[in-house]
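The values are calculated or read from the model by the stated rules, or taken from the named source; none is laboratory data. Only a predicted model underlies this, so the values are computations on that prediction, with no experimental measurement involved. Counting neighbours? That spans all protein chains shown, and the Cβs are built from the backbone with ideal geometry, glycine included.
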Amino acid sequence: MDQYYSNKRIVLLFLLPALVIYVGLAVYPIVQSIVFSFYEWNGLQGVPMEYVGMNNFGSMFRSAKFWLSVKNVLQFIAVNLIFQIIIGYGLAVLLAQNRPGFKIFKTIFFFPVVLPLTATALLWKFIYFPNNIGVLNQLLNAIGLESLKTGWLINTKTALNAVSIANVWTGFGYHMVIGFAALSAIPDGIMESSMIDGATGFRQFFSITLPMIWESMKISFVLLITGSMKNFDIIFVMTEGGPNGATHVPSTLMYYEAFKYDHYGLGSAISVFIFVASLALAGLTIRLMRRESVEY
Amino acid sequence: MNKRRHSTKWYFLQMGYYAFMILVAIIMAFPIYFALISSVKGNTEIFSNPFVPTVSPVFENYPRAIKTGHIDKSFFNTIYITLSAVLIAMLSGAMASYILAKFRFRGRAFIYVFVVAGMMIPIQTIIIPLAFYLGKLGLFDNHPALILLFTAFQIPMTVFVVTGFMKGFPHEIEEAAVIDGATHSRTLFMIIIPLSAPALVSASIFNFINIWNNLLFPLIFIRSAEKQMLALSLQSFFAERGSDYGGVMAAIVISITPTILAYVMMQERVEMGLMAGAVKG
């Protein structure tokens, strides 16, 4: 059997297809992306590439548009983190009480996760339409809150939060299911004995339940932060970064700089920034959330 | 306390629970309900009364959306591209996972981490070099190239889930096969892969939904409407004919139907598959 498991030829042969595709189309381009960020060229093809050192990063860091996009993505991350965790895990706690019908609710709450973001983004665009056309504005009319009506995606003050809320709608079901799985894995005995000890409600949640599901919550935090950092689809479809850059995030800015204005060097610099920032944020989150794991 | 009659407070709590859950369910279901009822309405009726279904449905929105938005072509393109990429990721992923889970050689741990780390690569980071090289090679509008691109980004997740699963197999499985004189390939394809079906299905569902919903790759790499994928056809249909609300709604309904059907038919599997990336499958 030792021979079977150490056959070099087979090792190579079986690893090769996956490695060739993965290295050629995912890893090598990252290296290229870093190289490209030191060059400037104004067209995808047939244009001479000029080495410009750190200039692309220089113009990126001097650009007000870039800093606005960083501020926007931080706000987008914060809104998604707070609402998706609270709604997702809150509903998970309610579902985990296993009352009759909870399966139907779980199905309905989760299904936006599987929908194409393009479709949900377009639907939310219709909901946010301005004046008396938009569904949300009509709803506000109906319940007597006309004063709140606005062009949700045209108004620079509301656009980013409106997009963020749409993204919360599409995503929290995922974290609800992660939380539900973690809650279901807690042995019944622990809950019962804590009740006998007199722990109820909030006390029980914070001193028993929360430590038990902490590892899952950590995964949710990392996925939410890195996922929001990379988010492109929903903003591209709903606002294209507008109005006036109010919803641009680094990934949409990268797309426009490179593929609309032919600033491929600057675009590459922004994409390197996205890569480094999402790795750094993931690392930071894991570090901040590190704690003694609970054995049971 | 088990047979005691419930107090009034208990009943209020019960009612509150269900009232709250139903309210959330309405918020979650509304956009889909809105798309469905609007897809059979005329343009003015969609916004004059967005909350109730029409009494006189019109079905012309569907053929118009399909024709002008190239929804039929891109629907089949998307099925072809998604299934091919899922299949290649499954096969190449299973082969690599088998090696990484069971074989002994130097550098195994490194290769595993190197591949799995790919889950952290944001596709935005590599889109410019990919556009550069594919453009140079004349591979825009090329489905096989797009399929391999999608595959490359699904391999890390597939290897992560499937390797974890295969590690649990006892050596006796292969011992029996080797005694019978089976080759490595035969053992892999006749024994290991069928046994890994649960993990392969989970990973493939995850991959399927990711590719089906992807917007950025077709946005950059597909230029002609004939070769386009669904997510982008939908987006450009809206960009070009945004005032044809009924048509857009019909196109939306067509594009979300497959994933909704898949989810309704295999709910547990889809939830598990999507969670596979987060919690080891």
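Quick check: is even one residue across segment B:181-189 hydrophobic (A, V, I, L, M, F, W, C), at pLDDT below 90 and over 17 Å from B:V86 (Cα atoms)?
If we filter segment B:181-189 for residues that are hydrophobic (A, V, I, L, M, F, W, C), which is where we start, we get B:182, B:188-189.
Filter again for at pLDDT below 90, leaving B:182.
Okay, now just the ones that are also over 17 Å from B:V86 (Cα atoms), so B:182.
Yes - at least one qualifying residue is present in segment B:181-189.
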Run down B:A96, B:A109 and say which single residue is part of a helix (DSSP H, G or I) and modelled with pLDDT of 95 or more. B:A96
Go through segment A:183-236 and give me each residue that's modelled with pLDDT under 80, hydroxyl-bearing (S, T, Y) and surrounded by 14 or more Cβ atoms within 10 Å (Cβ to Cβ). A:S194
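Is it the case that B:F76 is within 27 Å of the chain's Cα centre (by Cα) and more than 14 Å from chain A (Cβ to nearest Cβ)? Steps first, answer last, please.
Working: within 27 Å of the chain's Cα centre (by Cα): yes; more than 14 Å from chain A (Cβ to nearest Cβ): yes.
Yes; evaluated as a whole, the condition is true for this residue.
Tell me whether segment B:11-23 contains one or more residues that are touching a Phe, Trp or Tyr at 6+ places or on another chain (Cβ under 7 Å) and within 12 Å of another protein chain (Cβ to nearest Cβ). Steps first, answer last, please.
Let us first name the residues in segment B:11-23 that are touching a Phe, Trp or Tyr at 6+ places or on another chain (Cβ under 7 Å), namely B:21.
Still in the list and also within 12 Å of another protein chain (Cβ to nearest Cβ): B:21.
There is at least one residue in segment B:11-23 that is touching a Phe, Trp or Tyr at 6+ places or on another chain (Cβ under 7 Å) and within 12 Å of another protein chain (Cβ to nearest Cβ).
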Out of segment A:1-41, which residues are over 26 Å from A:E257 (Cβ atoms) and charged (D, E, K, R)? A:D2, A:K8, A:R9
Kindly evaluate B:G281 against the criterion of being at pLDDT below 80, surrounded by 19 or more Cβ atoms within 10 Å (Cβ to Cβ), over 24 Å from B:A35 (Cα atoms) and more than 9 Å from chain A (Cβ to nearest Cβ). yes
Taking the condition part of a helix (DSSP H, G or I), surrounded by fewer than 20 Cβ atoms within 10 Å (Cβ to Cβ) and within 11 Å of another protein chain (Cβ to nearest Cβ), does B:A177 pass? yes
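Hey, any hits in segment B:217-237 for a residue that's of a type in the set (K, R), in a helix (DSSP H, G or I) and either on the phi < 0 side of the Ramachandran plot or within 11 Å of chain A (Cβ to nearest Cβ) (or both)?
Taking segment B:217-237 first, the residues of a type in the set (K, R) are B:223, B:227.
Of the ones still in play, those that are also in a helix (DSSP H, G or I) are B:227.
Applying the additional criterion that residues be either on the phi < 0 side of the Ramachandran plot or within 11 Å of chain A (Cβ to nearest Cβ) (or both) yields B:227.
Looking for residues that are of a type in the set (K, R), in a helix (DSSP H, G or I) and either on the phi < 0 side of the Ramachandran plot or within 11 Å of chain A (Cβ to nearest Cβ) (or both), one finds at least one in segment B:217-237, hence yes.
Out of curiosity, is B:A225 assigned by TED's automatic domain parsing to the domain that holds B:T125 and modelled with pLDDT of 90 or more?
Numbers: assigned by TED's automatic domain parsing to the domain that holds B:T125: yes; modelled with pLDDT of 90 or more: no.
No, not satisfied.
For segment A:28-145, list the helices (runs of 4 or more DSSP H) that sit wholly inside it and hold at least 1 residues that are more than 14 Å from chain B (Cβ to nearest Cβ), in contact with a strand residue (DSSP E or B) (Cβ under 8 Å, 6 or more places away or on another chain) and of a type outside the set (S, T, Y); which are they? Before the answer, list the steps.
Details: elements: A:28-36, A:55-62, A:64-95, A:102-110, A:117-127, A:135-142.
Per the criteria, A:55-62.
Yes/no per residue for (1) within 14 Å of another protein chain (Cβ to nearest Cβ); (2) in a helix (DSSP H, G or I):
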| position | (1), (2) |
| --- | --- |
| A:F202 | no, yes |
| A:S216 | yes, yes |
| A:V237 | yes, yes |
| A:G245 | no, no |
Can you pull out the residues in segment B:238-278 that are of a type in the set (A, V, I, L, M, F, W, C), more than 7 Å from every other protein chain (Cβ to nearest Cβ) and outside any helix (DSSP H, G or I)? B:M266, B:A276
Residue count, segment A:9-22 (criterion: more than 10 Å from B:I155 (Cα to Cα) and buried (at least 17 other Cβ atoms within 10 Å of the Cβ)): 5
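Name every residue in segment A:1-25 that is assigned to a helix (DSSP H, G or I) and either over 30 Å from B:Q124 (Cβ atoms) or of a type in the set (K, R) (or both), in order of residue number. If you could, list the steps in order and put the result at the bottom.
In the first step, residues of segment A:1-25 are kept if they are assigned to a helix (DSSP H, G or I); the result is A:2-5, A:8-25.
Scanning segment A:1-25 gives A:D2, A:Q3, A:Y4, A:Y5, A:K8, A:R9, A:I10, A:V11, A:L12, A:L13, A:F14.
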Is it the case that B:G242 is surrounded by fewer than 14 Cβ atoms within 10 Å (Cβ to Cβ), on the phi > 0 side of the Ramachandran plot and not hydroxyl-bearing (S, T, Y)? no
